[in-house]
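Trainee: Structure below; questions to follow.
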Amino acid sequence: MTVAVVTPALARPTRTRYVVLALVIAAYFITYIDRVLLSVAAPFIEKDFHLDTITVGKVLMCYSIAYALFQIPGGWFGDKVGPRLAMSCVVIWWSALTALTAFSTSAVSMGICLFMIGMGEAGAFPIANRALSRWMLPSERALAQGATHAGSRLGSTLTPLMVVPLVGLTALSWRLPFLVFAAVGVVWALGWYAYYRNMPAEHRNVNEGELERITGALGHFAGGRRKVPWAQILSNRQMWILGAMYFCYAYDIGVFLSWFPKYLTAARGIELTHMGFYASVPFLAGLLGDVAGGALSDHLLKTTGRHGWSRRIVSVTGFWTSAVAVSLAALAQDPVVSVGWFALALFFLELTVGVSWAVTLDVGGEFAGSVSAVMNTMGNIGAAIAVGVTAWFATRYGWASAFGVVALLGAVAGLLMLQVDPTRRFYSDTTQDDNSV
């Protein structure tokens with residue numbers, strides 16, 4: 001009797017890259033729990049510390065400024081030491097600072113803690129992007145990016161629902177959620193370091209079948225660490241167009257992340273006990289938009305083979321439809337109708353985000369961490385400006401005018417995305433081609 005032996009080369013490819021993707025999704029989820037925690041807790045902190053809206057805006061800006069300033073250092077750190085160590089370090093850093101925030105006694109001490117949290121969280125997305133660059137196939141990139149950002153929106157959706165009940169559990173009030181979510185971050189960091197590897201070939205769970213699929217699509221990466229070609233990246237006109245587009249996007253999402261709970265209570269008269277539910281609805285719609293945008297872009301790429309068109313059509317449609325929906329939401333008289341329009345606006349705004357980050361993989365290759373860091377730096381400059389500008393507009397001219405700026409920048413972002421070419425690498429590379437599509 002002859003027994004057939006299946007060699008590893010003929011075995012069905014493993015799917016370790018999807019476990020890696022799941023870990024990155026979890027990281028985005030935790031990042032946005034900590035980030036939205038700040039805005040959800042803001043009304044309680046405002047009451048506890050006897051602060052006005054402008055002061056709360058200044059405190060929140062401490063986080064946003066640090067988050068913007070440390071994007072490029074964070075991306076460089078990930079490219080320098082590798083995503084395995086880098087992600088573990090930054091998550092433990094911001095988790096420790098999140099716990100320390102619970103012991104704040106004033107606006108000043110809280111602002112310092114938030115600045116240091118922003119330093120750590122700044123590296124998360126660029127490093128995670130670098131982590132996926134050597135694992136995900138080109139035809140999976142937009143969906144993967146959509147899924148990771150869906151994780152962040154799931155965090156945004158669930159945080160109001162989790163924080164408001166936690167606030168009433170103990171005498172710690174708003175401080176308890178900061179301690180709970182800090183512990184979650186530490187657990188994730190330990191799990192990431194134990195499982196992730198910087199190269200698929202180094203992972204014991206990757207068989208030859210999966211490795212062949214990855215190297216067949218991405219090519220063989222050069223050994224050792226290569227110097228980031230900053231001069232080429234920063235002198236590329238497309239880099240600045242992509243960054244300007246993301247400035248507009250991040251300003252818009254920054255308004256929702258920083259001020260939407262406050263808007264619901266101050267402008268729409270929704271009580272704090274019900275605010276958690278209504279604040280979650282648009283973020284749930286955004287979560288669906290993240291997945292839908294990435295899946296649609298990858299589907300169009302596979303069926304048409306038109307790489308640039310498949311990225312642009314999804315993004316432009318998302319930005320322009322979101323701009324219209326935000327305008328209708330701000331003008332609606334009924335609070336429930338307004339929240340419905342905001343949900344539609346956030347769905348279409350988030351339709352664009354997976355595409356934006358997929359483009360950084362398309363044009364960044366091995367240096368996707370650094371390219372995405374530049375894009376995200378410009379984006380978070382927009383987000384930081386959004387915190388202060390929105391407080392000023394809302395105080396002086398009303399909330400409708402503040403959301404008018406959001407609609408305008410959404411329209412501009414669509415125009416900018418029309419000029420982005422995802423098929424052209426931002427740097428010349430004579431040693432490898434890891435973006436063959």
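Trainee: Looking for whichever is in contact with a Gly (Cβ under 6 Å, 6 or more places away or on another chain), assigned to a helix (DSSP H, G or I) and either closer than 26 Å to Tyr67 by Cβ or open to solvent by less than 50 Å² (accessible area, probe 1.4 Å) (or both) here; the options are Val316, Val363, Val326, Val359. Which one fits? If you could, list the steps in order and put the result at the bottom.
Mentor: On the way: Val363 fails: in contact with a Gly (Cβ under 6 Å, 6 or more places away or on another chain); Val326 fails: in contact with a Gly (Cβ under 6 Å, 6 or more places away or on another chain); Val359 fails: in contact with a Gly (Cβ under 6 Å, 6 or more places away or on another chain).
None of the other options fit; the residue is Val316.
Trainee: Related question: Just checking, which of Val206, Val228 is over 30 Å from Val337 (Cβ atoms), modelled with pLDDT of 85 or more and either of a type in the set (Ser, Thr, Tyr) or not in a helix (DSSP H, G or I) (or both)? Let's see the steps before the verdict.
Mentor: Working: Val228 fails: modelled with pLDDT of 85 or more.
So the residue among Val206, Val228 that is over 30 Å from Val337 (Cβ atoms), modelled with pLDDT of 85 or more and either of a type in the set (Ser, Thr, Tyr) or not in a helix (DSSP H, G or I) (or both) is Val206.
Trainee: Checking Ala68 against (1) farther than 30 Å from Phe393 by Cβ; (2) within 18 Å of the chain's Cα centre (by Cα); (3) hydrophobic (A, V, I, L, M, F, W, C); (4) open to solvent by less than 60 Å² (accessible area, probe 1.4 Å), only one condition comes out false. Which one?
Mentor: Ala68 satisfies every listed condition except (1).
Trainee: Let me ask you something else. When you scan the range 163-211, how many residues do you find that are of a type outside the set (Phe, Trp, Tyr), closer than 20 Å to Ile45 by Cα, in contact (Cβ under 8 Å) with a residue 60 or more places away in the chain and surrounded by 15 or more Cβ atoms within 10 Å (Cβ to Cβ)?
Mentor: Result for the range 163-211: 9.
Trainee: Could you tell me how many of the residues in the range 33-46 are at pLDDT 80 or above and either under 16 Å from Val389 (Cα atoms) or not hydrophobic (A, V, I, L, M, F, W, C) (or both)?
Mentor: 1
Trainee: Looking only at the range 113-136, filter to residues that are in contact (Cβ under 8 Å) with a residue 60 or more places away in the chain and open to solvent by 10 Å² or more (accessible area, probe 1.4 Å); which one of those is farthest from Ile381 (Cα to Cα)?
Mentor: Ranking the qualifying residues of the range 113-136, first place goes to Arg134.
Trainee: Another question, if that's okay. Taking the condition in contact (Cβ under 8 Å) with a residue 60 or more places away in the chain and either β-branched (Val, Ile, Thr) or open to solvent by 60 Å² or more (accessible area, probe 1.4 Å) (or both), does Lys302 pass? If you could, list the steps in order and put the result at the bottom.
Mentor: Numbers: in contact (Cβ under 8 Å) with a residue 60 or more places away in the chain: yes; either β-branched (Val, Ile, Thr) or open to solvent by 60 Å² or more (accessible area, probe 1.4 Å) (or both): yes.
Taking the combined requirement at face value, the residue satisfies it.
Yes/no per residue for (1) more than 18 Å from Ala373 (Cα to Cα); (2) at pLDDT below 90:
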{"position": "Cys62", "(1), (2)": "yes, yes"}
{"position": "Ile65", "(1), (2)": "no, yes"}
{"position": "Phe77", "(1), (2)": "no, yes"}
{"position": "Ile117", "(1), (2)": "no, no"}
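Trainee: Something else: Select from the range 329-352 the residues that are assigned to a helix (DSSP H, G or I) and of a type in the set (Gly, Ala, Ser) and write down the one among them that is nearest to Tyr246 (Cα to Cα).
Mentor: In this case the residue turns out to be Ala345.
Trainee: Of the residues Gly74, Gly111, only one is within 26 Å of Glu350 (Cβ to Cβ) and in a helix (DSSP H, G or I); which? Step through it out loud before you land on a result.
Mentor: On the way: Gly111 fails: within 26 Å of Glu350 (Cβ to Cβ).
When all the criteria are applied, what remains is Gly74.
Trainee: Would you mention how many residues in the range 149-181 are of a type in the set (Val, Ile, Thr) and at pLDDT 80 or above?
Mentor: Initial filter on the range 149-181 (of a type in the set (Val, Ile, Thr)): 157, 159, 163-164, 167, 170, 180.
Narrowing further to those that are at pLDDT 80 or above: 180.
Residues in the range 149-181 being of a type in the set (Val, Ile, Thr) and at pLDDT 80 or above: 1 in total.
Trainee: To continue, here is another question. Sort through Ala250, Ala292, Ala266, Ala285 and tell me the only one that's open to solvent by 10 Å² or more (accessible area, probe 1.4 Å), under 21 Å from Phe403 (Cβ atoms) and under 18 Å from the mean Cα position of the chain (by Cα).
Mentor: On the way: Ala250 fails: open to solvent by 10 Å² or more (accessible area, probe 1.4 Å); Ala292 fails: under 21 Å from Phe403 (Cβ atoms); Ala266 fails: under 18 Å from the mean Cα position of the chain (by Cα).
Result: Ala285 is the single residue among Ala250, Ala292, Ala266, Ala285 that is open to solvent by 10 Å² or more (accessible area, probe 1.4 Å), under 21 Å from Phe403 (Cβ atoms) and under 18 Å from the mean Cα position of the chain (by Cα).
Trainee: Here is a follow-up. In this structure, is Ile233 over 19 Å from the mean Cα position of the chain (by Cα), open to solvent by less than 40 Å² (accessible area, probe 1.4 Å) and modelled with pLDDT under 75? Spell out how you get there, then give the answer.
Mentor: Details: over 19 Å from the mean Cα position of the chain (by Cα): yes; open to solvent by less than 40 Å² (accessible area, probe 1.4 Å): yes; modelled with pLDDT under 75: no.
Answer is no for this residue.
Trainee: If we keep just the residues of the range 330-356 that are without any contact (Cβ under 8 Å) to a residue 60 or more places away in the chain and within 30 Å of Pro422 (Cβ to Cβ), which is surrounded by the fewest Cβ atoms within 10 Å (Cβ to Cβ)? Even if it seems obvious, please write down each step before you answer.
Mentor: Restricting attention to the range 330-356, the residues satisfying the condition of being without any contact (Cβ under 8 Å) to a residue 60 or more places away in the chain are 332-334, 336-337, 340-341, 344, 348.
Now drop any that are not within 30 Å of Pro422 (Cβ to Cβ), which leaves 344, 348.
Details: Leu344: 19, Phe348: 24.
Within the range 330-356, the match that is surrounded by the fewest Cβ atoms within 10 Å (Cβ to Cβ) is Leu344.
Trainee: From the list Ala411, Ala400, Ala386, Ala394, pick out the single residue that is open to solvent by less than 10 Å² (accessible area, probe 1.4 Å) and either at pLDDT below 85 or at negative phi (or both). Steps first, answer last, please.
Mentor: Numbers: Ala411 fails: open to solvent by less than 10 Å² (accessible area, probe 1.4 Å); Ala400 fails: open to solvent by less than 10 Å² (accessible area, probe 1.4 Å); Ala394 fails: open to solvent by less than 10 Å² (accessible area, probe 1.4 Å).
One residue alone meets the criteria, Ala386.
Trainee: I'd like the full set of residues that are assigned to a helix (DSSP H, G or I) and open to solvent by 20 Å² or more (accessible area, probe 1.4 Å), limited to the range 44-59.
Mentor: Our first condition is that a residue be assigned to a helix (DSSP H, G or I); within the range 44-59, this holds for 44-49, 53-59.
Residues satisfying the conditions are Phe44, Glu46, Lys47, Asp48, Phe49, Thr53, Ile54, Thr55, Lys58.
The values are calculated or read from the model by the stated rules, or taken from the named source; none is laboratory data. Given the structure is predicted, the values throughout are model-derived calculations rather than measurements. Cβ atoms come from the backbone with ideal geometry, glycine included; neighbour counts cover every protein chain shown. Areas reflect the complete protein model, heavy atoms only, side chains present, ligands, DNA and RNA absent. Shrake-Rupley method; radii C 1.70, N 1.55, O 1.52, S 1.80 Å.
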